[in-house]
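Trainee: Dumping the structure here so I can ask a few things about it.
All of the numbers you see were taken from the coordinates with simple rules; none came from a lab. Everything quoted here is computed from the prediction, not taken from an experiment. Neighbour counts run over all protein chains shown; Cβ positions are idealised from the backbone, glycine included.
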Amino acid sequence: METYYDPLDLEKFADMGKNVPELWKKFSEWYGNVFAEGALTEREKALIALAVSHAVQCPYCIDAYTQECLEKGSNKDQMTEAVHVAAAIRGGASLVHGVQMRNVVEKLSM
Amino acid sequence: MDKLVVLQDDLRRDVNEQLKIINDESGIAPFDEALDASGLHPLTATGVEVLQVNLGKMCNQTCKHCHVDAGPDRKEIMTKEIMEKCLQILDDTEIPVVDLTGGAPELNPQFKWFVSEIKKRNRHVIVRSNLTILTTRPFASYPAFFKEMGVEVVSSLPYFLEDRTDQQRGEGVFQKSIEALKKLNGMGYGKDGTGLSLNLVYNPTGAFLPPVQSSIENEYKRELKTRFDIDFNSLYTITNMPISRFLVYLIHSKNFDRYMKKLHSSYNPAAAVNVMCRTTLSVSWDGYLYDCDFNQMLELTVNHGAPVHINDFDYSQLANRRIVTGQHCYGCTAGAGSSCGGAVV
């Protein structure tokens, strides 16, 4: 059955540079530098990436950064907690907008 | 690769079929091409610093990733006659280290005699103990024997959490391993100033590469100390080889293609320079000679003119031999590299 997402498509990511090699080069260099050890460890960055992958709901990113987290030494407890952080922010972001709803209710009510 | 899913578990003992899959169906560039691009082809030995002796395939455990396919049902075991040949090699050469592996090497009835004889020759001895064997009654005295002989103990503990360890090594293995580690610590193993080395091995518990060795070592030290008051010296990260049981796992879990691509894309020329086969010679239970324990399990004896059996041992030929390579060798050159002593870069 065909689907919009094919795991093998991840290997074609670099095709995004075929018509715009300079842009791809800049993206690749920047991407590599972002994930290099810095004030945060590579492992911490991989956990952040895993959480963000879930927030943006990208199956390619979830696949890639699940493996990356394992290869940086994280375990399932830590990775699950990271996803809960993403979920909490997503849930909290919805909930905090309820204040706007309440503001509007107040404005429209006598 | 779907057709492979239907293969029976017999694959883990069918060396020819394993080689066919690894070499012909992995879909990655030949390992020798990678070596060539790194200026390392043909790969040659630079000496023999470690004589790694496989004392037999019998083991009290049946770990899911085991490249030896070791277990309680295996009967292959090294005889005293072959051990005497190994000792003769030590007498005739200056090979400084003897690395004893298996199976569980302790299960060889001549184990204590062999270790004693090696120590008489003043060589460093490494024993690859699975730990759980030390918690069984017949082997309760072995930690004291290790201490008496001053051997280095290297033991697998794939993770500092019970579920991940038992998932790979079998139910109850983690708790018994902790019991054995406490016993070894009690003897002074892994403690500063005793000179008794206790090194642990991290194996990935699935189809992924190990983390940076120094990083995970720090975490192991902290977690094992906090949770169990256990000390050890070093942690070695070892990549799982696509051989025997781990190969069957890769195929059945449909991870084979992805894992081989991962090993290939992670090829590190610096790791290739330092692969252990360049300074190691592996001896099988029946006296055949191999470039490493992995080649031994694939029945790829040394070649290219070097003598294949211990009866025909010739140091000068073996010390400069050309290494026998295959697609599985990508396992030792991925990322920071992998060897029986952990990462190589």
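Trainee: Using square roots of five times the C-alpha gyration tensor eigenvalues, list the equivalent-ellipsoid semi-axes of the range B:123-217 in whole Å, biggest first.
Mentor: 23, 17, 11
Trainee: Give the Kirkwood hydrodynamic radius (Å, one decimal) of chain B, defined as one over the mean of 1/r across all pairs of different Cα atoms.
Mentor: By the Kirkwood definition, the hydrodynamic radius is 20.3 Å.
Trainee: Okay, next question. Quick one: order B:Ile118, B:Ile216 by neighbouring beta-carbon count within 10 Å, fewest to most. Display every interim value, and only then the final one.
Mentor: On the way: B:Ile118 23, B:Ile216 19.
Lowest count first: B:Ile216, B:Ile118.
Trainee: Additional query: Quick one: Debye curve from the C-alpha atoms of the range B:64-187, no solvent, what's log10 I(q)/I(0) at q = 0.19 Å⁻¹?
Mentor: -1.12
Trainee: For the range B:26-177, what is the charge dipole size about the Cα centre, in debye to the nearest 20, if Lys and Arg each add +1 at the Cβ and Asp and Glu each add -1 at the Cβ?
Mentor: Rounded to the nearest 20 debye, it is 680 debye.
Trainee: Still on this structure: Using θ = phi - 60° and the Karplus relation 6.51 cos²θ - 1.76 cosθ + 1.60, list the HN-Hα couplings for the range A:44-53 in order, rounded to whole Hz, with x at every Gly or Pro.
Mentor: 5, 5, 5, 5, 4, 4, 5, 5, 5, 4
Trainee: Determine one quarter of the surface area of the Cα convex hull of the range B:90-137, which equals its mean projected area, and express it in nm² to one decimal.
Mentor: 3.6
Trainee: Can you give the FRET efficiency to the nearest 0.05 for A:Val52 and A:Asp77, using r as the Cβ-Cβ distance and R₀ = 30 Å?
Mentor: 0.95
Trainee: Tell me the volume per residue, in Å³, of the convex hull enclosing the alpha carbons of the range A:19-108. Intermediate values should be presented prior to the final figure.
Mentor: Numbers: hull volume 14.6 nm³, N = 90.
Dividing the Cα hull volume of the range A:19-108 by its residue count gives 162 Å³.
Trainee: Based on C-alpha coordinates, I'd like the Rg and Dmax of the protein assembly as shown, in Å.
Mentor: Computed over the Cα atoms of the protein assembly as shown, radius of gyration and Dmax are 24.9, 102 Å.
Trainee: Place a point 7 Å from Cα of A:His97 in the direction of its Cβ. Which residues in the range A:40-75 have their backbone N less than 12 Å from it?
Mentor: Zone members listed by number: none at all.
Trainee: Which one of A:Leu23, B:Pro143, A:Tyr65 has its Cα pushed farthest toward the positive end of the charge dipole of the protein assembly as shown, where Lys and Arg give +1 and Asp and Glu give -1 at the Cβ?
Mentor: Going by the Cα projections, it comes out as B:Pro143.
Trainee: Kindly provide the helix-only [θ] at 222 nm of the protein assembly as shown, computed as the sum of -39,500 (n - 2.57) over DSSP H runs of four or more divided by all residues, to the nearest 500 deg cm²/dmol?
Mentor: Mean residue ellipticity at 222 nm (helix-derived): -13000 deg cm²/dmol.
Trainee: Would you tell me the mean number of C-beta atoms belonging to other protein chains that fall within 10 Å of each C-beta in B:156-168, as a whole number?
Mentor: Details: counts 0, 0, 0, 2, 1, 3, 0, 3, 2, 0, 0, 0, 0.
Neighbouring Cβ atoms belonging to other protein chains average 1 per residue here.
Trainee: Suppose every Lys and Arg Cβ carries +1 and every Asp and Glu Cβ carries -1, with no other charges. What dipole size does chain B come out with about its Cα centre, to the nearest 20 debye?
Mentor: 820
Trainee: Order of B:Glu81, B:Glu49 from fewest to most other C-beta atoms within 10 Å?
Mentor: With the sparsest Cβ surroundings first, the list reads B:Glu81, B:Glu49.
Trainee: Another question, if that's okay. When you take every Cα atom in the range B:1-152, what is the radius of gyration, and what is Dmax, the widest Cα pair distance, in Å?
Mentor: Calculated on Cα positions, Rg and Dmax stand at 19.0, 54 Å.
Trainee: So, one more: Which order do the peptides B:164-172, B:62-70, A:8-16, B:236-244 take when ranked by the mean count of other beta-carbon atoms within 10 Å per residue, highest first?
Mentor: Descending mean neighbour count gives B:236-244, B:62-70, B:164-172, A:8-16.
Trainee: How do B:Ile28, B:Ile178 rank when sorted from fewest to most other Cβ atoms within 10 Å of their own Cβ?
Mentor: B:Ile28, B:Ile178
Trainee: How shielded is B:210-222 by partner chains, expressed as the average number of their Cβ atoms within 10 Å of its Cβ atoms?
Mentor: Values: counts 4, 9, 7, 1, 0, 6, 3, 1, 1, 4, 1, 0, 0.
Mean inter-chain Cβ contacts per residue within 10 Å come to 3.
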